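These notes concern the structure reproduced below.
The values are calculated or read from the model by the stated rules, or taken from the named source; none is laboratory data. These numbers were taken from a predicted model, which means no experiment stands behind them. Here the Cβ positions follow ideal geometry from the backbone for every residue, glycine too, while neighbour counts run over all protein chains shown. We work out accessible area using only protein heavy atoms, side chains counted, and drop any ligands, DNA or RNA first. Shrake-Rupley method; radii C 1.70, N 1.55, O 1.52, S 1.80 Å.
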Amino acid sequence: MKIPFLVLIFAALLFSPLQTFAKEAEQYDVVLNEEPPVDSGNDSEEIIEIPNRNRIPTRKIICEISRENGVVIYQSGTADEIVSYEVYDTTGACIAIFNDEQSFIDFIFSGISGEYLLRFRTPEHNYSGIIYL
């Protein structure tokens, strides 16, 4: 008598939707690279090589994206200065550009999935990084 009852309970648990397993992510952490803004007026930038010097890689900046806090860029203090929030696919095709933070947050948490390149533009710098949704 115990075996059929246990099988019935197991089947009920197996086929019932459990919200704990399908819970949406509440926050995404993205590692950003800082880049100088592109100057469209200067197409030919001269590269000066200094002998016996190694180039230092760009510094990594941590970005947190959540519904509660919005976009928080640590170690830079520029989250309030972002003028555009851009989303690209892995081939470099632009998917969306947002001028306000809330529209960007709504898009990120809208249920899309996959790997995307994010680019945040400020007057002084561009920040870009990969997000996995």
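Residues that are open to solvent by 40 Å² or more (accessible area, probe 1.4 Å) and either touching a residue at least 12 places away in the same chain (Cβ under 8 Å) or among the hydroxyl-bearing types (Ser, Thr, Tyr) (or both) within the stretch 85-99 comprise Asp89, Thr90, Thr91, Gly92, Ile95, Ile97, Asn99, listed in sequence order. Checked against (1) modelled with pLDDT of 65 or more; (2) assigned to a loop (DSSP other than H, G, I, E, B), Asn42 meets all criteria but (1).
Assessment of the stretch 65-84 against the conditions (in contact with a Lys or Arg (Cβ under 8 Å, 6 or more places away or on another chain), part of a strand (DSSP E or B) and surrounded by fewer than 17 Cβ atoms within 10 Å (Cβ to Cβ)) yields at least one matching residue. Sort out which residues of the stretch 94-133 are assigned to a strand (DSSP E or B), among the aliphatic types (A, V, I, L, M) and under 12 Å from Val71 (Cβ atoms), and write them in order of number. The answer is Leu118, Ile131. Look at the stretch 106-133: where a residue is among the β-branched types (Val, Ile, Thr) and a partner is in a loop (DSSP other than H, G, I, E, B) and open to solvent by less than 50 Å² (accessible area, probe 1.4 Å), sitting 6+ places away or on another chain with Cβ atoms under 9 Å, you get Ile108/Leu133; Ile112/Leu133; Thr122/Ser76; Thr122/Thr78; Thr122/Ile82. Among what's in the stretch 94-133 and is over 21 Å from Val31 (Cβ atoms) and polar (S, T, N, Q), pick the residue that is farthest from the chain's Cα centre (by Cα). Among them, the one singled out is Asn99.
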